[in-house]
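All remarks here apply to the structure that follows.
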Amino acid sequence: MRTNQPQTIYLSEYKVPAYLVDHVDLRFELFEDGARVHSTLSVRRNPESAEAGAPLFLHGDSLKLESVALNGSVLAAGDFEDRGDALIVPSVPEQFELQVVTWIEPQNNTRLEGLYKSSGMFCTQCEAEGFRCITFYPDRPDVMARFRTRIEADKGAYPVLLSNGNSVAQGELENGRHFVTWEDPFPKPAYLFALVAGDLVEKKNTFTTCSGRNIDLRMYVEPRNAQKCDFAMDALKRSMRWDEDVYGREYDLDIFMIVAVDDFNMGAMENKGLNIFNSSCVLASQDTATDATFQRIEAIVAHEYFHNWSGNRVTCRDWFQLSLKEGFTVFRDSQFSADMGSPTVKRIEDVTLLRTAQFAEDAGPMAHPVRPASYMEISNFYTLTIYEKGAEVVRMIHNLLGDELFRKGSDLYFERHDGQAVTTDDFVKAMEDASGRDLSQFRLWYEQAGTPVVSVEDDYDADKGVYGLTIRQNIPDTPGQTGKKPQHIPFAMGLLDSKGQPLPLNISAGEQDGPLERVLELTEAEHRFEFHGLAERPVPSLLRDFSAPVRVQYPWSREQLLFLMSHDPDGFNRWDAGQRLAVDVIQSLVGTPEQAEVEPRLADAYRKLLNDASLDQALVAKMLLLPSEAYLVELAEQADVPAIHAARERVLKHLAQELKDDLLACYQRNREQGDYQLGPDAIARRSLCNTALGWLMSIDDERARELALEQFRSADNMTDRLGALRALVNSGFAADREQALESFYQRFSDDPQVVELWFSVQASSGQAGQLPHILQLLEHPAFDWKNPNKVRSVVGVFAGQNLAAFHNPDGSGYQFLAGQVCRLDDSNPQIASRLVTPLTRWRKFAPAYSSQMKAALEGIRDKDNLSRDLYEVVHKSLA
Ligand code: PHE
Ligand code: ZN
């Protein structure tokens with residue numbers, strides 16, 4: 001091992017800051033060969049800190065210090081220490097001004113943290129700890145200051161100069177340069193600072209708030225993207241209205257800006273008044289964006305906007321509290337998306353992600369609580385657990401309190417903590433105080449890692465007419481946590497009679513008209529519930545709407561699942577029954593001979609779905625999607641990926657064969673007539689067509705081939721064009737595949753977002769995405785190692801979605817990924833550390849695979865100059 005071990009940071013060691021910053025005055029001189037940053041901090045000792053006379057400690061990273069002055073006098077070399085990762089001034093007065101000048105090189109910043117360049121423009125990314133790459137500063141979220149920012153740059157190359165807040169001055173300078181000064185009246189932590197300078201076009205709009213204030217809305221994009229802003233702008237206005245209506249939150253500044261940049265490590269960033277987006281999460285047009293992209297954009301625009309309250313006005317005390325803003329904001333954006341479209345479909349999508357990826361994280365070596373107790377590199381904790389499980393935890397509070405009390409709780413939270421940096425515990429306390437409910441046991445959801453397993457047993461006493469449920473919970477051990485306590489689990493359920501009618505849930509012998517649905521509150525390791533007055537043994541509908549992020553175990557028979565698929569009044573559970581049935585059928589075929597029979601009732605059930613026009617077509621579209629390989633792997637004990645892949649393919653082809661005519665009819669019926677629409681119905685129809693096409697093409701059906709070619713040629717939107725391309729690429733029609741890929745690329749080669757789709761269709765394809773072809777894609781002129789989206793769309797998609805190719809028994813996929821991760825670690829450690837995830841799950845796989853995965857990880861561990869990001873993930877995975 002050649003790297004010094006990075007330090008572990010513990011929540012238990014939290015101390016309030018010794019110094020506070022009231023005001024920050026920044027002046028940026030931007031040049032082609034670097035940037036000079038002048039910072040003036042108004043600092044005072046924190047009266048709440050016990051460390052009287054402590055040295056002033058400012059974080060720094062990759063900075064060249066030019067000068068330090070205290071109250072106007074330049075400090076001599078002996079009066080401060082420039083440690084590289086910190087600037088320390090041993091003796092300072094109670095209150096003072098500190099002036100620091102640093103020199104940085106944005107043009108060489110490939111980590112994309114701090115100030116960097118992306119296709120010719122300057123932009124910043126400061127969360128979590130990027131501000132210290134700009135200047136020396138107490139870079140922690142509980143230090144909140146008012147910022148004033150003056151940006152100076154060449155006027156020709158950078159006509160647009162943006163920062164947080166309102167612009168208060170601008171003017172011309174010598175040598176063709178100009179400046180703009182911005183002032184943000186709201187105190188904020190440094191991670192919410194932003195700056196943009198570029199040659200951008202401006203898209204204008206306005207919004208009138210509930211109190212009648214007019215807000216200027218602005219989008220800034222490169223000129224070539226001017227036509228791809230409308231959808232995000234509308235989504236922004238819908239978000240602003242929704243946050244007023246549902247949470248009573250009004251926007252606070254006079255201007256709200258969104259900027260699109262091509263090179264970005266994450267999806268988007270909620271900088272105060274100046275949100276910066278990954279181009280792929282904000283730019284869209286009918287021709288270039290799929291339905292999934294439109295939905296993602298709407299959700300992310302809303303997410304970042306909602307952060308203005310849940311994140312900016314009330315922020316995190318320290319990074320252990322990250323889920324305070326992320327979990328709550330994801331919950332808010334999911335409520336918003338549910339309101340804008342189909343709540344059931346949105347729930348299905350969220351749960352699919354949670355069960356596939358978050359459950360896997362919770363069962364892997366990086367498992368951590370929603371509020372972690374320690375970390376080495378905070379960038380590694382922007383996880384599905386913090387975001388998605390964190391949102392589920394807030395959702396459970398919502399379900400326990402109900403709409404009204406939850407709103408009372410959120411009002412209290414915002415009122416009590418406005419302008420503060422607080423903890424997840426403060427959030428729960430506000431919910432408790434507003435509702436009068438005791439959430440002390442509920443808090444364990446924040447402290448204990450791991451997915452609870454809820455196992456259900458039932459019994460029926462025909463003589464007494466009593467049905468019993470025995471429900472046990474168990475939370476598996478995770479790294480560093482064993483012997484966990486039972487959690488407070490809201491468990492929504494109902495019972496159905498043999499005709500599919502919901503039964504009243506009478507929990508005492510005397511009760512008659514009990515409710516048709518109950519939320520059982522599980523608080524003990526074991527509970528028993530009895531339901532009275534039942535003339536026959538009912539079929540249970542468990543964990544309706546996925547009321548808690550747990551694994552349910554119950555010995556469903558295939559009859560019961562088929563029955564629930566068509567009768568459960570809970571749409572989510574209808575879908576879930578179908579998923580469980582398909583999982584059961586596929587699992588039972590893993591490792592069996594090619595001729596083994598596929599459960600015939602599966603095809604019958606799908607036929608019913610395909611032909612019953614009275615069903616909600618959006619739900620049908622979801623029900624027809626087979627469980628993904630990633631989900632099947634997550635469910636397996638010791639996954640043999642090629643065997644799982646083969647079993648799933650057999651089921652898919654069997655269904656395509658059996659349902660040929662029904663699929664064709666479904667395709668014809670739903671094929672779009674008339675104008676392109678973006679509503680839930682039209683989206684469902686496109687999804688049905690593309691699913692039907694994909695299934696038929698998997699058996700190389702000639703009629704489907706013609707339909708696919710025709711759809712590819714005549715599509716007036718990207719969902720259909722890409723659907724046809726994907727079907728062709730995944731089929732055995734090799735010549736068509738090549739031709740389609742070629743013509744698609746020719747048509748869209750100047751649009752990076754579409755080229756990313758083009759890469760990912762190939763990288764995810766069992767037919768086209770074998771390693772030799774992946775290596776070719778990396779040599780393609782449109783591929784760019786410096787652009788995270790490109791890396792993700794080839795390397796990330798191959799390792800994360802093309803499981804059979806990645807898990808090639810010869811280990812070549814693992815070696816490939818390890819090599820790319822090492823190469824990326826030198827330029828962009830955050831991306832390297834995310835990309836390595838599939839290898840970290842090595843314990844999950846059958847021995848022949850896991851030993852090779854482990855060896856690949858060990859290769860990474862032995863690399864020179866391992867970043868802190870990768871160090872933490874690789875070492876924890878091998879521990
Ligand atoms: N805070 C951002 C969000 O959730 C995500 C992000 C984190 C972006 C870190 C950049 C860096 O919306
Ligand atoms: Zn967020």
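Any read-out appearing in this document is the output of simple, stated calculations on the displayed coordinates, not a laboratory observation. Predicted model only: the values in this text are computed from it and were never measured. Cβ: placed from backbone, ideal geometry, glycine included. Neighbour counts: every protein chain shown.
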Among 696, 638, 196 the positive-end extreme of the charge dipole of the chain (Cβ point charges): 638
From phi via Karplus (6.51, -1.76, 1.60), per-residue ³J(HN,Hα) for the stretch 464-474 in Hz, x at Gly/Pro: 8, x, 10, 10, x, 10, 9, 10, 10, 10, 8
Residues in the stretch 161-198 that a label on residue 154 would reach, taking backbone N under 13 Å of a point 7 Å out along Cα→Cβ: 175-178, 198
Using a basic spin-label model with each label point 7 Å from the Cα along Cα→Cβ, how many nm lie between residue 613 and residue 735? 3.9 nm
Sorting check: for 55-63, 453-461, 256-264, which peptide has the highest mean count of neighbouring beta carbons within 10 Å, and how do the rest follow? 256-264, 55-63, 453-461
If you keep only loop residues by DSSP, which GluC sites (Glu not before Pro) in the stretch 581-687 have at most 11 other Cβ atoms within 10 Å of their Cβ? 594, 597, 637
Projecting each Cα onto the charge dipole of the chain (Lys/Arg +1, Asp/Glu -1 at the beta carbon, about the Cα centre), which of 442, 480, 873 comes out farthest on the positive side? 873
Around residue 424 (Cβ within 12 Å, Cβ-to-Cβ, excluding residue 424; K/R +1, D/E -1) the net charge comes to 0
Using 1/(1 + (r/R0)^6) with R0 = 25 angstrom and r between the beta carbons of residue 528 and residue 557, what's the FRET efficiency to the nearest 0.05? 0.65
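Using only DSSP helix segments of four residues or longer, with each worth -39500 (n - 2.57), what per-residue ellipticity at 222 nm results for the chain after dividing by its residue count and rounding to 500?
Only helices count here, giving -12000 deg cm²/dmol.
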DSSP beta bridges in the chain [antiparallel fraction, %, rounded to 5]: 80 percent
Above-threshold pairs, the threshold being 27 Å between Cα atoms, out of 786/844; 389/485; 15/408; 15/64; 660/790: 786/844; 15/408; 15/64; 660/790
With unit charges on the beta carbon (Lys/Arg positive, Asp/Glu negative), name the residue among 210, 227, 248 whose Cα is farthest towards the positive pole of the charge dipole of the stretch 200-280. 227
Treating the beta-carbon of each Lys and Arg as +1 and of each Asp and Glu as -1, no other charges, what is the dipole magnitude of the chain about its Cα centre, to the nearest 20 debye? 440 debye
For the stretch 556-699, what does the relative contact order come out to in percent, with C-alpha contacts under 8 Å and a separation of six or more? 24 percent
Sequence ranges 32-40, 678-686, ranked by mean other-Cβ count within 10 angstrom, highest first: 678-686, 32-40
Sum of side-chain charges, residue 59 neighbourhood, beta-carbon under 11 Å (Lys, Arg +1; Asp, Glu -1): -1
Would you order 422, 201 from fewest to most other beta-carbon atoms within 10 Å of each residue's own beta-carbon? 201, 422
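Output the relative contact order of the chain, whole-number percent, from Cα pairs under 8 angstrom with separation of 6+ residues. Please list the in-between numbers first.
Values: 1689 pairs, mean separation 75.4, N = 879.
Dividing the mean separation by the residue count of the chain yields 9 percent.
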About the Cα centre, and with charges only on the beta carbon of Lys, Arg (+1) and Asp, Glu (-1), how big is the dipole of the stretch 556-699? Nearest 20 debye, please. 380 debye
Using the Cβ atoms and a cut-off under 13 Å, what net charge is assigned to the surroundings of residue 468, where Lys and Arg are +1 and Asp and Glu are -1? -3
Can you tell me how much longer the chain between residue 584 and residue 292 gets when fully stretched, taken as 0.36 nm per residue apart minus their C-alpha distance, in nm with one decimal? 102.3 nm
Model label zone, residue 399; criterion: amide N under 16 Å from point 7 Å along Cα-to-beta-carbon; scope the stretch 485-529: 487-495, 516-524
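Please state the equivalent ellipsoid semi-axes for the chain: what are the square roots of 5 times the Cα gyration tensor eigenvalues, largest first, in whole Å? Please list the in-between numbers first.
On the way: eigenvalues 422, 223, 146 Å².
Over the Cα atoms of the chain, the semi-axes work out to 46, 33, 27 Å.
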May I ask you to list the residues of the stretch 283-309 whose amide nitrogen lies under 11 Å from a point 7 Å from Cα along the Cα→beta-carbon direction of residue 230? 285-287
What size of dipole, in debye to the nearest 20, comes out for the stretch 22-199 about its Cα centre when the only charges are +1 on Lys and Arg C-beta atoms and -1 on Asp and Glu C-beta atoms? 220 debye
Contour excess over end-to-end distance, with Cα ends at residue 628 and residue 255 and 0.36 nm allotted per residue: 130.0 nm
Spin-label point model (7 Å from Cα, Cβ direction): what's the residue 673 to residue 592 distance in nm? 4.2 nm
Per the 1/(1 + (r/R0)^6) rule, R0 = 45 Å and r from the Cβ atoms of residue 14 and residue 206, FRET efficiency to 0.05 is 0.60
Amide H of residue 700: which non-local residues (sequence gap of 5 or more, or other chain) have their own amide H closer than 5 Å, using H built in the peptide plane? 732
How many angstrom separate the Cα center of the stretch 12-82 from the Cα center of the stretch 850-879? 35 Å
In nanometres, what is the gap between the two model label sites at residue 637 and residue 5, each 7 Å from Cα along Cα-to-Cβ? 3.5 nm
